[in-house]
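Only one structure is covered here, and it is reproduced in the block below.
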Amino acid sequence: MPENNMDKPKIVTCTAPVNIAVIKYWGKRNEELILPINSSLSVTLHQDQLKTTTTVATSRSFQEDRIWLNGKEEDITHPRLQSCLREIRRLARKRRNDGDPSLDSTGLSHKVHICSVNNFPTAAGLASSAAGFACLVYTLARVFGVEGELSGIARQGSGSACRSMYGGFVQWIMGEKEDGKDSLAQQVEPQTHWPELRILVVVASAERKPVGSTSGMQTSVRTSCLLKHRAQSVVPERMVEMIDAVRRKDFPAFAELTMKDSNQFHATCLDTYPPIFYLSRVSHQVISLVHRYNKHYGETRVAYTFDAGPNAVIFTLEQHVPEFVQAVQHFFPPDTNGEDFIKGLPVSHAALSEELKRGIGLEPMAKGINYIISTKAGPGPCVVEDPTQHLLLSDGLPK
Ligand code: DP6
């Protein structure tokens with residue numbers, strides 16, 4: 001091989017999705033390995049609306065590992081980044097030592113440059129660490145030529161990241177082993193399983209920066225006896241019921257379990273001492289709107305779930321999207337006259353009947369919601385084949 005080719009970096013770009021839990025992960029039994037106190041289940045959101053893109057370059061000429069996140073160079077010595085880098089290199093070395101001839105061993109000692117961007121605003125308060133670490137691990141694995149089970153490595157970046165390694169409906173099985181080898185994500189159903197299911201990310205105007213999930217769950221594990229009860233006596237049965245509801249595409253059962261689990265998670269936050277409040281006035285109004293909407297129709301047509309922040313994620317079926325979105329706009333009159341309020345999958349216009357407005361009967365809350373992203377379930381991480389999409393130039397620096 002000519003000398004200059006040896007110095008040419010190997011560059012790979014991949015994308016990975018955001019996921020939203022319908023059975024929540026909250027609490028670790030091992031902080032270092034990121035092992036949870038209960039199993040959880042999520043829906044992977046479509047990357048057409050929400051994704052992280054990561055480019056990894058590796059070259060003999062790079063002096064050190066480096067990382068750029070959303071345009072800014074960050075500290076590569078962050079312990080969770082180091083865990084992911086170390087585990088991928090360990091796996092690559094093991095495969096090579098096991099005699100996998102397809103593995104190119106030369107690159108193993110080379111340093112990496114990593115560049116990552118989100119296609120959604122970080123300020124939206126959406127869990128970007130899950131997509132970020134899933135994308136990092138998936139891309140590194142491609143660069144070093146390792147395949148197969150990678151969720152156990154993504155988990156060591158951020159717990160919820162392990163579920164972003166698959167598309168569709170995904171469970172994170174908590175596992176029992178001390179070393180965490182059995183704490184892995186697994187696809188329950190692919191994204192094609194329930195095509196009518198729709199997801200609305202309702203971005204609330206945030207009043208303050210909430211407590212981060214890592215430290216929040218530490219305090220909860222230390223102080224909340226409700227969390228202990230939840231992990232031991234509620235979640236195991238709920239996981240079975242949720243998987244069954246997903247498999248049968250039973251929307252009312254899926255919706256009810258989703259809302260109850262979100263409510264119980266936020267109850268454990270209130271049971272934490274000192275208490276943690278993630279839900280805002282706007283979140284409470286969204287909860288009321290959903291329950292009143294369902295009550296008006298005498299059936300569960302819409303469900304909400306909230307993570308460690310005030311944004312709601314709404315699940316519903318395609319046929320109810322236009323009217324429900326209209327109801328949100330009516331009860332949270334936006335700043336603008338409606339344009340830009342809905343992003344993502346197009347939503348057709350629907351009229352709201354006076355009867356429905358009266359039935360819901362809430363006092364409108366102006367500017368409580370910034371915008372809605374309309375999406376659906378989507379696939380897991382993908383390789384981007386088009387080299388013009390790389391985020392790093394051939395000198396290994398960001399474009
Ligand atoms: C409320 O995965 O962000 O979104 O493992 O400490 O990185 P670390 O926490 P993280 O926690 C997510 C918590 C949640 C619920 C969930 O996604 O299951």
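The values are calculated or read from the model by the stated rules, or taken from the named source; none is laboratory data. The shown structure was predicted, so the numbers you read here are calculated from the model rather than taken from an experiment. Cβ: placed from backbone, ideal geometry, glycine included. Neighbour counts: every protein chain shown. The area values use the complete protein model at the heavy-atom level, side chains included, leaving out ligands, DNA and RNA. Shrake-Rupley method; radii C 1.70, N 1.55, O 1.52, S 1.80 Å.
Structure above, values below:
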| quantity | calculated |
| --- | --- |
| Residue in segment 93-134 that is modelled with the lowest pLDDT, counting only those that are aliphatic (A, V, I, L, M), out of contact with any Asp or Glu (no Cβ under 9 Å at 6 or more places or on another chain) and over 20 Å from Cys382 (Cα atoms) | Ala123 |
| Elements of type helices (runs of 4 or more DSSP H) in segment 125-229, at least 1 residues being closer than 30 Å to Arg90 by Cα | 128-143, 151-154, 213-223 |
| Enumeration of residues in segment 196-211 that are touching a residue at least 60 places away in the same chain (Cβ under 8 Å) and open to solvent by 20 Å² or more (accessible area, probe 1.4 Å) | Glu196, Arg198, Ser205, Ala206, Glu207, Pro210, Val211 |
| Filter result for Ala185 (over 26 Å from Thr122 (Cα atoms), free of Cβ contacts under 8 Å to residues at least 40 places away in the same chain and surrounded by 14 or more Cβ atoms within 10 Å (Cβ to Cβ)) | no |
| Residue satisfying condition, being over 30 Å from Arg247 (Cα atoms) and within 12 Å of the ligand (Cβ to nearest atom), within set Leu69, Leu33 | Leu33 |
| Qualifying residue in segment 157-179 (condition: free of Cβ contacts under 8 Å to residues at least 60 places away in the same chain, open to solvent by 10 Å² or more (accessible area, probe 1.4 Å) and within 16 Å of the ligand (Cβ to nearest atom)) | no |
| Sole residue being away from the ligand (no atom under 16 Å from the Cβ), assigned to a strand (DSSP E or B) and either at pLDDT below 95 or touching a Phe, Trp or Tyr at 6+ places or on another chain (Cβ under 9 Å) (or both), chosen from Thr53, Thr58, Thr44 | Thr58 |
| Positions within segment 294-320 being assigned to a helix (DSSP H, G or I) and out of contact with any helix residue (DSSP H, G or I) (no Cβ under 7 Å at 6 or more places or on another chain), in sequence order | Asn294, Lys295, Tyr297, Glu318, Gln319, His320 |
| Test for Ile76: is it away from the ligand (no atom under 16 Å from the Cβ), crowded, with 16+ Cβ neighbours inside 10 Å and either in contact (Cβ under 8 Å) with a residue 40 or more places away in the chain or outside the structural domain of Glu241 (by TED's automatic domain parsing) (or both) | yes |
| Options His291, His284; residue that is open to solvent by 10 Å² or more (accessible area, probe 1.4 Å), touching a helix residue (DSSP H, G or I) at 6+ places or on another chain (Cβ under 9 Å) and in a helix (DSSP H, G or I) | His291 |
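Residues are listed down the side, and each one gets a yes or a no for (1) part of a loop (DSSP other than H, G, I, E, B); (2) touching a residue at least 40 places away in the same chain (Cβ under 8 Å); (3) open to solvent by 50 Å² or more (accessible area, probe 1.4 Å):
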{"site": "Pro322", "(1), (2), (3)": "no, no, no"}
{"site": "Asp335", "(1), (2), (3)": "yes, no, yes"}
{"site": "Lys343", "(1), (2), (3)": "no, yes, yes"}
{"site": "Ala350", "(1), (2), (3)": "yes, no, no"}
{"site": "Arg358", "(1), (2), (3)": "no, no, yes"}
{"site": "Leu362", "(1), (2), (3)": "yes, yes, no"}
{"site": "Ala366", "(1), (2), (3)": "yes, no, yes"}
{"site": "Thr388", "(1), (2), (3)": "no, no, yes"}
